[in-house]
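Written out below as structure tokens is the structure these notes cover.
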Amino acid sequence: MPKYPSIALCIALVFTFLFTLLQHTPGLPSFDDYDTTLAFIRKFYFENTTVGEKAATLFSRHNEHRILISKSAAALYYAIFHKLSFAHLVYFQNCFLFGFFGLMLAIMRRNGLLNAGNVLFAVTFLFGLAFWQVTFYYWGGIQHYTVFFFSFLSLFLLDRSTRAFSGHFAAALAAATIAVFTFGNGFLVLPVGAFLLFVQKKKTMLYSWLLVSAILSLLTFLHMPESAAKVVPFRIDWMARLFFTFLGSFIYINPAAGQVPNIILCMGAGLAVLVFWLWLLRSGYAFRNPLLYGLLTLPILTGLIISISRFDTKAAGGIAPRYMFFTASIPVLLFLIGLDLKILRKKWINPIVFASVVLWGVVYYNNLRELEKTNTGLVQTIKRWQKDPGTALVYYREAAPYSEMLQWAVDRKVVELDDAILRNPDPK
């Protein structure tokens, strides 16, 4: 597409995203916030008394994840303001989305692919509402945005590193360590980084990377908590449905009707993504450009982990908005790899970019309805809870533990619900 119209569209889409963020961020605790944020603040500031106890709480697992950035940001905000604003925390987490976008621009530039049309294509997938649960709620975005930001940053810095004793390599190790402690799939940067260093024949850095990886892997996998959930017999067909749907979920538009055909289309696209990824390895491209190949590998392996651990959700798990930020990078990386390989002809580029803009608009419209519906439900639930503490704040959990947690937070003025509710008047 022409340069200046592309730039204008980029600005329009990003500003639409920002306006929606400011208008529709609920600023209320929801779902995992009760465990990951409110319970953490109570334990960290009101129950822990020693530095050792506080450190143990900060680095402890939440289920199979360590969520250091999530906890640290909430703890720092509370230390400064003596209360929590979930709206402000959500705005903060979206800074990492912009940081991730900045990384993608740097990656384009490093590969000689930075131009207005390519940037517009990236904007349509990174600043949409497909992963609205990650964008607007603290329990999602602060973990998902940060783990991919630090994972991608680590690989980008590794690619630029020339010596083991250099700032780039030290920063790459630091970013990988943060990724591991940020979310469960952060450990994937370790084998992918090792592959990149191996291909580039950076032996001294590879040995150092493997040593640090061994230590981080022990911290990741030793003493994993046992799941209290009911064990469902593993079914590979369910796993495959989730996996392929996940890999192709970047074309899911969340239609009001016709979800099944859309899911089938996602499955087909996901299968194509996997075949192309394997072909890149077989053809030798993975060894010619290990950075782009490694970056594409991260969301694909993330999908594999999710499909194994959440296989019982079948195809529906592959289009869950809380996971779809991980797949937003897939079309962008496929596009860049196609350009790098010169298998995307020039006459195809404009129609592809135009189609991505149309897709952005459809996805935005459909998911804005879901966001508004969810926010309305949150406000209504909190209002019912204020009248009746026996109200289940999270529909699939017992009412009592979360009710007690929220009541404690209100009594201690950790959260101020009335202010948040005024931000989100109930349209009904």
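What the chain shows is 46 Å² of accessible area per residue, with the surface traced by a 1.4 Å probe over protein heavy atoms. Given a cut-off of 21 Å, name the pairs among K71/K413; K71/K373; K3/K347; K383/K413 whose C-alpha atoms lie farther apart than that in the structure shown. Check vs 21 Å cut-off fails for K71/K373. What is the helix-to-structure angle for 203-221, meaning the angle in degrees between its Cα long axis and the longest Cα principal axis of the chain, kept from 0 to 90 and rounded to the nearest 10? The helix 203-221 is inclined about 30 degrees to the chain. Note on Q407/Y45: beta-carbon distance plugged into 1/(1 + (r/R0)^6) with R0 of 25 Å gives a FRET efficiency of 0.90. Only protein atoms count toward the accessible area here, which uses a 1.4 Å probe; on segment 233-376, the carbon and sulfur part of that area reaches 69 percent. Per-atom-type breakdown for segment 1-135 gives carbon and sulfur 66% of the accessible area (1.4 Å probe, protein chains only). Take segment 1-156, drop everything but the C-alpha atoms, weight them equally and run the Debye formula without solvent; then report log10 I(q)/I(0) at 0.09, 0.15 Å⁻¹ to two decimals. Debye curve over Cα of segment 1-156, log10 I(q)/I(0) at q = 0.09, 0.15 Å⁻¹: -0.36, -0.84. Taking all protein chains as shown and a probe of 1.4 angstrom, E398 keeps an accessible surface of around 140 Å².
Projecting the Cα atoms of F31, I41, F17 onto the charge dipole of segment 17-63, computed from C-beta unit charges around the Cα centre, puts I41 farthest toward the positive end. Dividing the summed helix terms, -39500 (n - 2.57) for each DSSP H run of n ≥ 4, by the number of residues in the chain produces a 222 nm estimate of -23000 deg cm²/dmol to the nearest 500. Extension gain for L341-A257 works out to 26.4 nm (0.36 nm per residue, less the C-alpha to C-alpha distance). Placing unit charges on the Cβ atoms only, positive for Lys and Arg and negative for Asp and Glu, gives the chain a dipole magnitude near 1360 debye about its Cα centre.
Equivalent-ellipsoid semi-axes for segment 303-351 (Cα gyration tensor, √(5λ), whole Å, largest first): 31, 11, 9.
Relative contact order of segment 251-363, taken over Cα pairs closer than 8 Å and 6 or more residues apart, is 30 percent.
Sorted from greatest to least, the principal axis extents spanned by the alpha carbons of segment 249-344 come out as 42, 29, 20 Å. For segment 1-92, the relative contact order comes to 34 percent (Cα pairs under 8 Å, sequence separation of at least 6). The simple spin-label model puts a point 7 Å past each Cα toward its Cβ; for V14 and A174 those points are separated by 2.6 nm. Averaging the sequence gap over all C-alpha pairs within less than 8 Å and six or more residues apart, then dividing by the number of residues, gives segment 188-307 a relative contact order of 31 percent. If R0 is 30 Å, the Cβ-Cβ spacing of Q386 and L76 corresponds to a FRET efficiency of close to 0.55. Loop only per DSSP, at most 14 neighbouring Cβ atoms within 10 Å: give me the chymotrypsin sites (Phe, Trp or Tyr not before Pro) in segment 163-233, ordered by residue number. Passing both the DSSP loop test and the Cβ count: F165. For a test of the definition: using alpha carbon positions, the gyration tensor, and the 1.5 limit on a/c, classify segment 302-428 as rounded, prolate or oblate. Note, shape of segment 302-428 comes out prolate.
The stretch between K203 and D418 holds 71.6 nm of extra length on full extension. This uses 0.36 nm per residue minus the Cα-Cα distance. Checking the a/c ratio against 1.5 first, then a/b against b/c, what shape does the Cα gyration tensor give for segment 163-312? Taking the square roots of the gyration eigenvalues as a ≥ b ≥ c, segment 163-312 is oblate.
The values are calculated or read from the model by the stated rules, or taken from the named source; none is laboratory data. Because the structure is predicted, anything quoted here is derived from the model rather than measured. Every residue, glycine among them, receives a Cβ derived from its backbone with ideal geometry; neighbour counts consider all protein chains shown. Surface areas here come from the heavy atoms of the whole protein model, side chains and all, with no ligands, DNA or RNA. Shrake-Rupley method; radii C 1.70, N 1.55, O 1.52, S 1.80 Å.
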